1. List the chymotrypsin sites (Phe, Trp or Tyr not before Pro) within the stretch 199-249 that fall in a DSSP loop (any state other than H, G, I, E or B) and whose Cβ has at most 15 other Cβ atoms within 10 Å.
2. So which aspartates and glutamates pass the test for K332, namely a Cα distance under 15 Å, with those fewer than 8 places away in the same chain ruled out?
3. Only loop residues by DSSP count here, and only those with at most 13 other Cβ atoms within 10 Å; note down the trypsin sites (Lys or Arg not before Pro) in the stretch 78-159 that meet that.
4. Name the residue, out of G345, G47, G241, whose mean-square fluctuation peaks in a Gaussian network model built on the chain with Cα pairs under 10 Å.
5. Tell me the volume per residue, in Å³, of the convex hull enclosing the alpha carbons of the stretch 223-277.
6. Just to check I understand the Karplus step: with θ = phi - 60° and J = 6.51 cos²θ - 1.76 cosθ + 1.60, what whole-Hz values come out for the stretch 129-141, glycine and proline as x?
7. Under the √(5λ) rule applied to the eigenvalues of the Cα gyration tensor, what semi-axes describe the equivalent ellipsoid of the stretch 201-313? Give them in Å, descending.
8. More than 30 angstrom separation, counting every C-alpha pair in the chain; what % is that?
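Just so it is clear, none of the values below were taken in a lab; they were calculated from the coordinates. Just so you know, these numbers come straight off a predicted model, no measurement behind them. Don't worry about glycine lacking a Cβ; one is built from the backbone with ideal geometry, like all the others, and counts go over all protein chains shown.
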Amino acid sequence: MDIEQVRSETPGIANSVHLLASGSALMPRPVVDAVMNHTLLEAQIGGYEAQAKRADALDGVYQSVAQHIGSKTREIALMENATVAWCHAFYALPLKAKTRILTCEAEYAANYVAFLQRAKRDDLTIEVVPSDETGALDLDALEAAMDEDVGLIAITWVPTNGGLVNPAADVGRIAKKYGVPFLLDACQAAGQMRIDVNELGCDFLSATGRKFLRGPRGTGFLYVREQWLETLEPAMIDHFGAPWVAIDEYALRDDARRFETWENSYALRAGLGAAFDYAESVGIEAIEARVASLSKRCRTLLNANPSIQLRDIGLHQSGIVSFTVDGAEPEKIVRMMVEAGFVIGSSPASSTRIDAERRNLPTVLRIAPHYYNTEEEIDRAIGQLESFL
């Protein structure tokens, strides 16, 4: 990886040391250009006309996503964000009354409230699979929970905090063994680690563009395994996903785009495609290795300070470093760091409530370096943080 070239193509590094890829990473210049150029074209010739003129390139975004995650193009739907993508899959699944949903302790708030709604509305049961001694989902407990009344396994692969990487591929093998659909939230995984949906064994996978993929906000995607396209009907449709073929009849598209609607932002879609292409050009294996190296350096430096407590768990850890500072208000620390030119973040207990209550976690601070960061930036950021203690 040519770090200097990567940094030269990242305009945002001139403004601050940005260490919050888990929130919204800095876009590279090709992504910015893709969004701006399409927007300018719309201004010059009109929105419909710009779409028609760039139709081939815009349709190519599906192939870029599919190539990145090892799927077929027809298994990809482009969405406004990861939550919309996840909800499209979840609410489309025909779960019968008394069905059990199995999930993990580190499940994200947006997903869990959807569980709660369908549990109340459709008489379902939510069952949280306990974690093992490392903090990851306990695979033995998951298998022990499997029974004929399990209708869905839905977990977050990389939680929004806690550093954890759940054993998604092992979960996929258990789901396949028992013939249970597997919905995987890859919101924080996409862009920082390699994704192969066939290795993962997931039936559905959702992700966003704005985080480690370095795409624009307002973008995401949904993967739907091909076999589900034969039977699964979206909870909501329009005449793009389900053309009106007769007065009293519609026909679902035969691909995952049945989950899309006719109107969307083509400028942002162009940016998402550029983000995938940029990640491919850098190399996802190189990205994963560098993120792991930078986050390890960050953990080592933080752990050396007795006033700082690392809050990360799991045998395998992600690029999201979570910690607390003794006697300090997290939001105040975030503000002081921003004023000093360093962007970090915080994550309240409510974002992963089950894990937070199990571990008695307060609001935690988050540092999430990306491959465009340097070791020197990590050192300076931790030094600045320590100067406030």
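1. Filter output for the stretch 199-249: F240.
2. Cα-Cα hits under 15 Å: E386.
3. Counting only loop positions with at most 13 other Cβ atoms within 10 Å, the trypsin sites (Lys or Arg not before Pro) in the stretch 78-159 are K96, K98.
4. G47
5. Spread over its residues, the Cα hull of the stretch 223-277 gives 100 Å³ apiece.
6. Working through the residues one at a time gives 6, x, 8, 7, 5, 8, x, 7, 4, 7, 5, 5, 5 Hz.
7. 41, 17, 13
8. 41 percent
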